[in-house]
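Colleague: Structure provided below as structure tokens; questions to follow.
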Amino acid sequence: MDFRKLQSANKLKSTELLFGMALLVGVVIWALMTYFGKTGVGVVPFAVGIALLSVWGSYWTSDKIVLTMTGAKIVTEADNKQLYDLVTEVCIAAGLPVPKIAIVEDNAPNAFATGRNPEHAVIAFTTGILRVMNREELQGVTAHEMAHVANRDTLVSAIAATTAGALALLSDFMLRMMIFGGGNRRDNNNNDQNPLALIASLVVLILAPLAALLLRLAISRKREALADVTAVAFTRNPTGLRRALEVLAADSTVVHQKSTAVAHIWIESPLDDSKTSKLFSTHPPLATRIATLRAMEGIS
Amino acid sequence: MKVIVLVIAILLILALYAIMSRNRLVRANISVDEAFAQIDTQLKRRSDLIPNLVETVKGYAAHESSTFEAVIAARAKATTATTVADVAAADGQLTQALRGLLAVTENYPDLKASTNFLALQEELSSTENKVSFARQFYNDNVRTLNSAIKTFPSSLFVKSAGVTARPFYEVDDPQDRKAPQVKF
């Protein structure tokens, strides 16, 4: 299978999902206008503002925050020459500047990358992954992480998080207004409203946060699939990453930090397990990812 | 009145589109130059490693002089090459010569155990990877530029942007070409 085609297919899919989120925002605003009249729209800037404030600060300083949250230690070329060489090789293949490299003391094999742009990127490996993987596998993992940097996935997930956050806030405001203060306004504005439209807008307001969450997770999964394909575009070696994912699949230890705040950034999700429904996971199932890489290798 | 505004708007959009297409060509051309500079940097790194490597191997295998000469001759050639084709040819020869040198070291267990040699070997194999990724990145950028030159609408601005189709970096590696031998 051609990685260039897979790359554009995955990009298109995640763009479509982002448009889906924009559409959802439109529908929620329609619901607001239907239910509360023009005054309802007044809360939109507040919800968006709060969501922006809470997400974009952490987006801007993501490289520093994540290092603190995961306890990752920055290493230099002198500390770990081989790891530094490995990352530099992949960066040359990707045409990216060499990021800060960090190591997390943790026995579970895992890795992540973050940062608002390639110039502020940081890539981190657990001591576990450095122990269990050989050079070719680590190169695959590094390429997957650098693919996130190249595809600006920190930005994509910040946009998705902001939209989902704003929708959750909006829906929360509205439901409160309905319960506590909505009565008067409804008398003023909505006497001539179609009752079906009122019910529909109520349903929209109740379901919007869940829909936004599902869209956000779907975007996360698509970007993971895209990062796998982009990694192959960098190394032209699907085998390395496929073997690395097989090592992760065989390993049962899980990163200790189960903080949901940073779950989505690891190469293998520390939260998703076989009991989590596919709709609610941040990553596609390892088996699916391995199958795609196998198809790129030409073995089925 | 409305017609004039519409015409102006369309012209503006077309002009913007033209500028973007032309800029795309210029940018692609710069990327090719940068990618070639990266190959050069990595080849230079490899070339700098060679004297040290040859000295280390000589200490254990002094009589393998023909192998050393091949490496040194290929290195000298590589430092003078400038065009893409010449650099690629010299790069291919040096890669071959180094492969020969590393094959020779297989016969000297003392050499293979020396820490100096191990460090050099890691450095050399990493540099080989860097060279080959730099080649791949260069060829990807040439591919982007050459297809922008051939496809509409950027093809209209090839002259004004002052870009030309660039050659791919092709290393002539006998190991890739070798046909499997058939014995009866």
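Colleague: Applying the selection to the stretch A:226-254, what residues are more than 14 Å from chain B (Cβ to nearest Cβ) and crowded, with 21+ Cβ neighbours inside 10 Å?
Modeller: If the condition is that a residue be more than 14 Å from chain B (Cβ to nearest Cβ) and crowded, with 21+ Cβ neighbours inside 10 Å, then A:226, A:227, A:228, A:229, A:238, A:241, A:242, A:244, A:245, A:248 are the ones that fit.
Colleague: Here is a further query. Residues to consider are A:52, A:32; find the one that is surrounded by fewer than 17 Cβ atoms within 10 Å (Cβ to Cβ), among the hydrophobic types (A, V, I, L, M, F, W, C), touching a Gly at 6+ places or on another chain (Cβ under 9 Å) and touching a residue at least 24 places away in the same chain (Cβ under 8 Å).
Modeller: The match here is A:52.
Quick grid of which residues meet (1) within 14 Å of chain A (Cβ to nearest Cβ); (2) surrounded by 12 or more Cβ atoms within 10 Å (Cβ to Cβ); (3) under 21 Å from the mean Cα position of the chain (by Cα):
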residue: B:4; (1), (2), (3): no, no, no
residue: B:18; (1), (2), (3): no, yes, no
residue: B:28; (1), (2), (3): yes, yes, yes
residue: B:31; (1), (2), (3): yes, yes, yes
residue: B:34; (1), (2), (3): yes, yes, yes
residue: B:38; (1), (2), (3): yes, yes, yes
residue: B:70; (1), (2), (3): no, yes, no
residue: B:75; (1), (2), (3): no, yes, yes
residue: B:83; (1), (2), (3): no, no, yes
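Colleague: Among the listed residues A:47, A:72, identify the single one that is touching a strand residue (DSSP E or B) at 6+ places or on another chain (Cβ under 7 Å) and more than 14 Å from chain B (Cβ to nearest Cβ).
Modeller: Sole residue among the options that is touching a strand residue (DSSP E or B) at 6+ places or on another chain (Cβ under 7 Å) and more than 14 Å from chain B (Cβ to nearest Cβ): A:72.
Colleague: Sticking with this one: Could you say which residue among A:75, A:44, A:55 is over 21 Å from the mean Cα position of the chain (by Cα), among the β-branched types (Val, Ile, Thr) and closer than 14 Å to residue A:162 by Cα?
Modeller: Among A:75, A:44, A:55, only A:44 is over 21 Å from the mean Cα position of the chain (by Cα), among the β-branched types (Val, Ile, Thr) and closer than 14 Å to residue A:162 by Cα.
Residues are listed down the side, and each one gets a yes or a no for (1) within 9 Å of chain A (Cβ to nearest Cβ); (2) without any contact (Cβ under 8 Å) to a residue 24 or more places away in the chain; (3) in contact with a Gly (Cβ under 8 Å, 6 or more places away or on another chain):
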residue: B:130; (1), (2), (3): yes, no, no
residue: B:136; (1), (2), (3): yes, yes, no
residue: B:145; (1), (2), (3): no, no, no
residue: B:159; (1), (2), (3): no, yes, no
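Colleague: Please enumerate the residues belonging to the stretch B:116-128 that are more than 9 Å from chain A (Cβ to nearest Cβ) and farther than 19 Å from residue B:91 by Cβ.
Modeller: Across the stretch B:116-128, the qualifying residues are B:116, B:117, B:118, B:120, B:121.
Colleague: Among the residues of the stretch A:132-142, is there at least one that is within 12 Å of chain B (Cβ to nearest Cβ), closer than 21 Å to residue A:248 by Cα and surrounded by fewer than 19 Cβ atoms within 10 Å (Cβ to Cβ)?
Modeller: yes
Colleague: Let me ask you something else. Quick check: anything in the stretch A:103-123 part of a helix (DSSP H, G or I), within 14 Å of chain B (Cβ to nearest Cβ) and not acidic (Asp, Glu)?
Modeller: No; the residues of the stretch A:103-123 include none that is part of a helix (DSSP H, G or I), within 14 Å of chain B (Cβ to nearest Cβ) and not acidic (Asp, Glu).
Colleague: Filter the stretch A:75-90 down to the residues that are more than 11 Å from chain B (Cβ to nearest Cβ) and over 12 Å from residue A:103 (Cβ atoms), then identify the one that is surrounded by the fewest Cβ atoms within 10 Å (Cβ to Cβ).
Modeller: The qualifying residue surrounded by the fewest Cβ atoms within 10 Å (Cβ to Cβ) is A:78.
Colleague: Sticking with this structure for a sec: Look at residue B:47 and say whether it is assigned to a helix (DSSP H, G or I), of a type in the set (Ser, Thr, Tyr) and modelled with pLDDT of 85 or more.
Modeller: yes
Colleague: Answer yes or no as to whether residue A:124 is within 24 Å of residue A:14 (Cβ to Cβ), crowded, with 20+ Cβ neighbours inside 10 Å and at pLDDT below 95.
Modeller: It is true that residue A:124 is within 24 Å of residue A:14 (Cβ to Cβ), crowded, with 20+ Cβ neighbours inside 10 Å and at pLDDT below 95.
Colleague: Where residues in the stretch B:146-182 are under 19 Å from the mean Cα position of the chain (by Cα) and over 17 Å from residue B:83 (Cα atoms), which of them is modelled with the lowest pLDDT?
Modeller: Per the stated criteria, the residue is B:177.
Colleague: For the stretch A:83-92, does any single residue satisfy the condition of being in a loop (DSSP other than H, G, I, E, B), in contact with a strand residue (DSSP E or B) (Cβ under 8 Å, 6 or more places away or on another chain) and farther than 25 Å from residue A:167 by Cβ?
Modeller: no
Colleague: Checking the structure you have, find out if any residue of the stretch A:124-137 is among the basic types (Lys, Arg) and either touching a Gly at 6+ places or on another chain (Cβ under 6 Å) or within 30 Å of residue A:17 (Cα to Cα) (or both).
Modeller: Scanning the stretch A:124-137, I find no residue that is among the basic types (Lys, Arg) and either touching a Gly at 6+ places or on another chain (Cβ under 6 Å) or within 30 Å of residue A:17 (Cα to Cα) (or both), so the answer is no.
The values are calculated or read from the model by the stated rules, or taken from the named source; none is laboratory data. The structure presented is a predicted model; accordingly, all values stated were derived computationally and were not measured. Every residue, glycine among them, receives a Cβ derived from its backbone with ideal geometry; neighbour counts consider all protein chains shown.
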